[in-house]
Every structure is written in C-alpha cells, then in structure tokens.
Amino acid sequence: MGTLIENLVRHKFAWLLCLIVCLAYQIFFVDRAHVDLTIQVEKRTFFKIYWAGEGQGFSEGRMALALVKPERKHYSFFLTDLRKVKHLRIDPQQYAGTGTIEEIRIKQNGSKEIRLSSTEEFSRLKPLAQITKYSVADNKLEVQSNGNDPNFSYELSLEPEKYDWSDVFFGYVLICCCIGMVYPIVYPLNFAFRYIPAMLTVMLTLALTMSLISEKDVHPDELVHITASNYYKEHWLPPAIEDESIRNSYSLYGSSRLNTNEIFYLLNGKFARIIAPLQISKQTTFRMFNIFLLGLILLYTLKVPDSRLVAVPLLISAQAWYLFSYCNSDAFALTVSFFVGCQLVVAESSLNRYLFGRRGWKWAKSGLLIALLFGLLFLLKKNFYSYAVLVFWLVFLKIWQATNRENRTLVYQRFVLACLLCLSLLAVKKAADFHINGFDRREKILTMRDKTARPMFNPNTPLDKLHVNLSMKKRGVPIQEIIHKDRWFEKTFRSAFGVYGYFTISGSHVYYDLVRWTGVAFLIFFFGSVFIRAGLFNSFQALSALSLAVALIASSFYHSWTNDFQAQGRYLIPILPMLGILCAQNKEYVNARLCTFFVTCLFLLSAYSFICVALLDIPRMVNT
C-alpha cells in the first residue's frame, strides 16, 4: 500500500495532466454545440455561423466557420455553448452565385438536436441581406446571392433534454488511459530536455511532407521567392535593376526580392543547384533548403544539450513549422537566430571563447566564426533587426556581468572588433550592389517600382484609386477601426499560430481559443517565475526582450495603418527566438515539469493544426 501511494505521489504530474486535459475536454468540446453540415457550392468559400445573446449584435469574435469546396459536401465543426445564445446568423457562402444547403444539424449535450433539412424547418430561416432568391425543393435550400456576404437569421429556442454523462465519463476514461500509456514512455525524455529533439523530429517530418505534397504557388509569396532564388542558381552577383530577365521577379507592389539585402536567395539558389541531379520538381527543389536548415537545428540539439531550450519556441507555433515547409526567407532568419541565440547560452560557445578566452589560433577562429554568424543578422528580413538589437544588447550586459573592472575594457574592445567584422558582410553586399547599379541605385529601384507596380498598388496613384488596404491613415481611418472592425490583433494572432495557403486555410475557434489561453498561461507562468525568482539582472534582460517584442508589434501595427494593412503573424516571428534565449537563460528558475507541460500542450495543438488543417486542405501537387 505504501509503495502504491509513493508511486501516485511521485507521478502526481501525470494526475495533474489528466485533470487539466479532462477539464479542457469538458469546456472546449463537451459543453459546446457541434454542427454537421451538408452543402453544395460553386466555388471554394466559407460557411459561417454567428451567434449573439440577448441584446448583443453579431461580431467576428462570435463566429465559427468551415472552409467548403465544390468537390466535397459534408463538414463538421464546433460552435459555442448555446445555453445563453438567442440568435444565430447563417452565412452560406462568400460569393455572388448559387449554393445549396441540404442539411444543418446542431447538437449540444443536454439539449434537443436542432435540425434543418425539410421545407418546414428551412422556413425558420429569415433572409437578412444580399439574398436575391431562395427556395426549398426536394428538402434542399437553394440560395442565390447578389453579393459576397449573404446571410439568414435564425431565432434559437433550445429544448432541454437529459444530460448524457455516459459519453462524457468514457471520454474522461479514454483520456486518462491514453495519458497513462504514453506517460511512462515519454517520461524519460524529460531528463536533459530530450523531448525537444524528439518533437523537432516530428516537426521536420511534417514540414517535409508539406513541401513534397503541396502544389506550386499555394503558399504566401512563394512564387517571387522561387524566382529570386532561381536567379542566383546561375549567378553570384546581384542583377542590374533594369534587367529585363528579372522583370518577373517584381511583385504587384513593384518590388523585387533581388533588390533587398537578404542573403537567403543566394544560398537557396546555390543549394538548389547542388541538388539539381535529384531531378525533383522546381518548387520542391527550392523548398529543400529550408528543410535542410531545420535538419541542422535538430542535429545541433542532439549534439549540444544546452541548445535545446533555445529551440522550444519553434515547437509551440504551427506557423513556424509552416515557414520551414516552403520557399521563403523567414525560415533562414529563424535558423540564424537559433544559432546566434545558442552562442549566448551555451557555456563552451565560440562567443564565450572569443570574449573571455586567451589569444591564440582557437581564439582567432572563434572570432571569425562569430563575425560570420552574427554578420548574417544584418542580411535577414528587416523585422529581424529587433532580434539583432536584443542580441547585441544581451552580449553587452553579459560582458558587464561576467567581468571585473580591470578586464572589462579589454573584453569590450573584443566586442567592438567583432561588431565591425560583422558589418563587413553587409559592406560586401552593399559594395556588390553599388558596383552593378551605381550610387543612384535607390532612384532606379523607385523608377522600377513605378513601372512594374499595378496601378492600385502604386504609391503615385491617387488616393481614391489605391487598394482599400493601402494608406488607411491618409484615408481618415481611425485606429479604433483597425482594432475593432478590421480585427488586426485577432487576425495577427491567428496567423501567428496556424493560417495556411494565401490565408484561406485556418483552424476552428476552439483551436485558437485553446492556443490563446494555453499560451497566456504559459507566458504568465514563465515571466512570473523569472521576475519573482531569477533576480534583478535576469529580470532586466527579460524586460528588455518584452520591450522589443512590444515595439515590434507596435511597428507592425503602425505599418498596417499608415502603409499597407498586413495582419500577418509571420512579421512577429522574431519574438520566438527572443523567447528561446530567455528560456535557456532562466532554466534554473522555471519549474521544468510545468514548462514541459505547457510546451507539450502547445506542441500537440500545433501538430493537430498542421496535420488536420494544413496538410488536409492544402492543394495537392498533381503528377502529369
């Protein structure tokens, strides 16, 4: 008996995990209505259901949707707890045309099923807007709309019935059994954070699957990334800006990735040339470099245990997984950020050897490696400059803390020398640009922008003829409208944790709510532990990272308001490696088991999103 009690106490974390997962199961699945839908549509679109309580209006914050396609009829998704809901708004499609609803079934435990599948039942739907005609034939509701937002209202009146506890109980039992079977297997992985390479292996497998099965030009801006990389497959120097052969690299905004400082396209082009003998498709060839980079991260965490916590933030966002699965420069920036972060936290890193070691061949070699690695920070996307600022600031603080007054000057001199060497990479890139295009390079870029940009995206176009998402501040759009009506923060949050394709493939409200509250709890736990237990110096470092993260969010928001409305979470991806550095620096002050619990929850949610949403709905490559 005593041994049994000791085992129960020793594995109390498993029991806590069972309790939390069962509670989440009850809140997010059992106590929510479930919708089964049968519908036929003419084109790919969204079916939406809004809900409102007494005295409430409909809003995007109280809405569930399903991505519906012409080739598929049956769908299911979760709604909300309907016990306090009085009105529903049903949007059958998001296009002008015809759609046919065959059946809608809404079921919640403790209430009688709501079913719309006959003439009498469909008559309870009242048309609100943009519906030209609707009729019921053969127990099917045919809707003709003259706009992109047709909708019906439905007065909800729930009829109570006996609550079925049996299914709920068996759900609890199944959850506890699954955790009981998996826990003893994965428990040893918690030591030395061995679970992180295991999770990275899953991430690598799923990213590779996406890169192999997805069709060309179905990922954000992939076509222009491939075009820029393809140029460097045969060249080493940047092109002439007016060169007609690179005209197809210009986007509808009149900008070309070949005119930026990013080194990704040169490296990706050369990597594509190396693997050309494999004779794989063009889009897959240019995706493999990012897969290779993710493999490097995995191998490094296997070899250097101290680096594992730096990779933790990559595991908690399915959007980061997605970035490694197709051709884009964000994945390269994340990889560089990971290895730079490791230099700060790994005890035997090249940075520590260079700053605090004795002069010699190894010291010089470490200095050159640091110059190369840290120099890459200046050849990434501009939004990663915030990460670069944090890194150099943390190095400055590290020197201040780790040295006495006599040695501090010498170490700072080494640091300044490293900074100058870092800038030499950027200087070489700038010299190549000016050699090819002259010192009026900026004026040539603006000229090409005016020539190649589509009129509605050209800054020289009159304001009233520009795209509605451009120059919103000049149009007189208030900040409150960006926040509340356009929902910038919500859209940015969702696209930071799992929106795929050209922002047409997204998860359910339940998924985003689970990520939201799990993430908030993790951040409160983590930063609370740091500020309470880690001391003044570590707290100041954490506060510095938080300040830069807030500045990055504010910058992205301001850009959306004044320049181009882009509520895209990938612009905030530099926050992930910032968090990675903090995780590794403060591992002694943060409860490892609770940290593992939160990381595991967010990892499983990311895996669900990537498998059941991204891989399921992404357009597949067709062999011809």
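When segment 110-140 is filtered for residues that are farther than 16 Å from LEU88 by Cα and touching a helix residue (DSSP H, G or I) at 6+ places or on another chain (Cβ under 6 Å), only VAL136 remains.
Just one residue in the set LEU372, LEU380, LEU344, LEU323 is over 29 Å from GLU215 (Cα atoms) and either open to solvent by less than 30 Å² (accessible area, probe 1.4 Å) or without any contact (Cβ under 8 Å) to a residue 24 or more places away in the chain (or both); that residue is LEU344. Residues that are closer than 18 Å to LEU425 by Cα, open to solvent by less than 40 Å² (accessible area, probe 1.4 Å) and not acidic (Asp, Glu) within segment 233-262 comprise PRO238, LEU258, ASN259, ASN261, listed in sequence order. Here TRP561 does not fit the description of being free of Cβ contacts under 8 Å to residues at least 12 places away in the same chain, over 24 Å from VAL336 (Cα atoms) and either open to solvent by 50 Å² or more (accessible area, probe 1.4 Å) or outside any strand (DSSP E or B) (or both). Selection of segment 86-116 for residues being over 18 Å from ASN139 (Cβ atoms) and surrounded by 19 or more Cβ atoms within 10 Å (Cβ to Cβ) yields LEU88, ARG89, ASP91, GLN93, GLN94, GLN108. Considering each of ASN352, ASN328 in turn, give the residue that is touching a residue at least 12 places away in the same chain (Cβ under 8 Å) and open to solvent by less than 30 Å² (accessible area, probe 1.4 Å). Answer to the selection: ASN328.
Checked across segment 412-420, the condition of being in contact (Cβ under 8 Å) with a residue 40 or more places away in the chain, charged (D, E, K, R), farther than 19 Å from SER544 by Cβ and open to solvent by less than 70 Å² (accessible area, probe 1.4 Å) holds for at least one residue. For segment 301-326, which residues satisfy the criterion of being hydrophobic (A, V, I, L, M, F, W, C) and under 21 Å from VAL613 (Cβ atoms)? Listed by number, the residues that qualify are LEU314, LEU315, ILE316, ALA318, ALA320, TRP321, LEU323, PHE324.
Among the candidates ILE573, ILE553, ILE581, the residue that is among the β-branched types (Val, Ile, Thr), open to solvent by less than 30 Å² (accessible area, probe 1.4 Å), under 21 Å from PHE493 (Cβ atoms) and modelled with pLDDT of 90 or more is uniquely ILE573. Every test in (1) farther than 30 Å from THR45 by Cβ; (2) loosely packed, with under 15 Cβ neighbours inside 10 Å; (3) of a type in the set (Lys, Arg) is passed by LYS126 save one, and that test is (1).
Of the residues making up segment 455-511, those that are in a loop (DSSP other than H, G, I, E, B), in contact with a helix residue (DSSP H, G or I) (Cβ under 8 Å, 6 or more places away or on another chain) and either among the charged types (D, E, K, R) or open to solvent by less than 30 Å² (accessible area, probe 1.4 Å) (or both) number 12.
Taking every residue in segment 501-519 that is farther than 16 Å from ILE611 by Cα and pairing it with any residue that is crowded, with 18+ Cβ neighbours inside 10 Å and among the β-branched types (Val, Ile, Thr), at least 6 positions away or on another chain, the pairs with Cβ-Cβ distances below 8 Å are TYR502/VAL218; HIS509/THR80; GLY519/ILE316.
Of all the listed residues (ILE213, ILE179), the sole one being in contact with a Leu (Cβ under 9 Å, 6 or more places away or on another chain), open to solvent by 40 Å² or more (accessible area, probe 1.4 Å) and aliphatic (A, V, I, L, M) is ILE213.
Under the condition of being touching a residue at least 24 places away in the same chain (Cβ under 8 Å), within 23 Å of the chain's Cα centre (by Cα) and either surrounded by fewer than 20 Cβ atoms within 10 Å (Cβ to Cβ) or more than 24 Å from CYS595 (Cβ to Cβ) (or both), the residues counted in segment 524-543 number 1. Looking at HIS219, is it touching a Gly at 6+ places or on another chain (Cβ under 9 Å) and at pLDDT 90 or above? Yes; evaluated as a whole, the condition is true for this residue. I'd like the full set of residues that are touching a Ser or Thr at 6+ places or on another chain (Cβ under 7 Å) and more than 15 Å from GLY528 (Cβ to Cβ), limited to segment 576-602. Listed by number, the residues that qualify are LEU576, PRO577, CYS601, LEU602. Scoring GLN144 on the criteria (1) surrounded by 13 or more Cβ atoms within 10 Å (Cβ to Cβ); (2) within 28 Å of ASN109 (Cβ to Cβ); (3) touching a Ser or Thr at 6+ places or on another chain (Cβ under 7 Å) leaves a single failure, condition (2). Listed by first and then second residue, the pairs with beta-carbon distance under 9 Å, at least 6 apart or on different chains, first residue in segment 299-315 and under 21 Å from LEU206 (Cβ atoms) and of a type outside the set (Phe, Trp, Tyr), second open to solvent by 10 Å² or more (accessible area, probe 1.4 Å) and not in a helix (DSSP H, G or I), are ARG308/ARG194; VAL310/VAL346. Only one of the listed residues (SER211, SER229, SER245) is at pLDDT below 90 and assigned to a helix (DSSP H, G or I). That residue is SER245.
The rows are residues; the columns are (1) at pLDDT below 90; (2) surrounded by 15 or more Cβ atoms within 10 Å (Cβ to Cβ); (3) of a type in the set (Asp, Glu).
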residue	(1), (2), (3)
GLU6	yes, no, yes
LYS12	yes, no, no
CYS18	yes, yes, no
ALA24	yes, yes, no
PHE28	yes, yes, no
ALA33	no, yes, no
ASP36	no, yes, yes
VAL41	no, yes, no
LYS48	no, yes, no
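The values are calculated or read from the model by the stated rules, or taken from the named source; none is laboratory data. Note that this is a predicted model, so its numbers are computed, not measured. Neighbour counts are summed over all protein chains in view; Cβ atoms, including those assigned to glycine, are modelled from backbone coordinates with ideal geometry. All accessible areas refer to the heavy atoms of the entire protein, side chains included, with ligands and DNA or RNA removed. Shrake-Rupley method; radii C 1.70, N 1.55, O 1.52, S 1.80 Å.
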